Amino acid sequence: MAEMDTSSSGGKQGPGVKKGKKLSTRIDLTPMVDLGFLLITFFMYTTTLAQPKTMEINMPYKDPKLTVEEKNKLKASVALTVLLSKNSRIYYYEGIGDDPNKPPELKSTNRKGIREAIINKIKMVRDMKATGALGVKDETTVLIKPDTTSTYGDMVNMLDEMTIDEVKVYAIVDITDIEQGFIRETEVANGVK
């Protein structure tokens, strides 16, 4: 707030001289201090809200007694393999597809369909654990294998799907030549280019 000082100064005084008033301004900075504290408080509060968000990664326990094969062994009954292809096409099959004599049954779907497939696999594994066919530590495992023609967005969408479906165990694995052949055969059979 500005104030006007109206006190008279010591100029000439006489009968014919009009008294001139000298006015000086004085600026009150009290509201500016309040504004400064409000701004400091605002910026401190907003920086605490804008903390960076990171993905938590749990590393597996390293048991020194187990061999490398035993550590990496995955039961086909808990695995769901997802193949990401061009034009946001998603192919999947149950198991890990390691038997060359029995190729997996490759199914084509979209993002909504893969969600249903993952949820069904989680229910199936839960039922197998309840009947005793699987151990307590066995979890549904999704193997994500992006093809060379898939996009980064497809991969991000699949990782989002893992979070949405609450899949605890998943891995990003390189696609094999055999699986790329499966994709090509399925696309040729369905007339997809």
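The values are calculated or read from the model by the stated rules, or taken from the named source; none is laboratory data. It should be emphasised that the depicted structure is a prediction, and the values quoted were computed from it without experimental measurement. Cβ atoms come from the backbone with ideal geometry, glycine included; neighbour counts cover every protein chain shown.
Things worth noting here:
Yes/no per residue for (1) at positive phi; (2) modelled with pLDDT under 85; (3) not in a strand (DSSP E or B):
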site	(1), (2), (3)
M4	no, yes, no
K19	no, yes, yes
T25	no, yes, no
G36	no, no, yes
K65	no, yes, yes
L74	no, yes, yes
S77	no, yes, yes
V82	no, no, no
Y92	no, no, no
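- Within the stretch 141-156, tally of residues that are part of a loop (DSSP other than H, G, I, E, B) and surrounded by fewer than 16 Cβ atoms within 10 Å (Cβ to Cβ): 3
- Number of positions in the stretch 95-135 that are among the polar types (S, T, N, Q) and outside any helix (DSSP H, G or I): 4
- Residues in the stretch 118-147 that are of a type in the set (S, T, Y) and touching a residue at least 12 places away in the same chain (Cβ under 8 Å): T140, T141.
- Subset of the stretch 162-193 [part of a helix (DSSP H, G or I) and under 19 Å from the mean Cα position of the chain (by Cα)]: M162, T163, I164
- Meets criteria (among the acidic types (D, E) and either within 29 Å of E56 (Cβ to Cβ) or assigned to a strand (DSSP E or B) (or both)) for D138: yes
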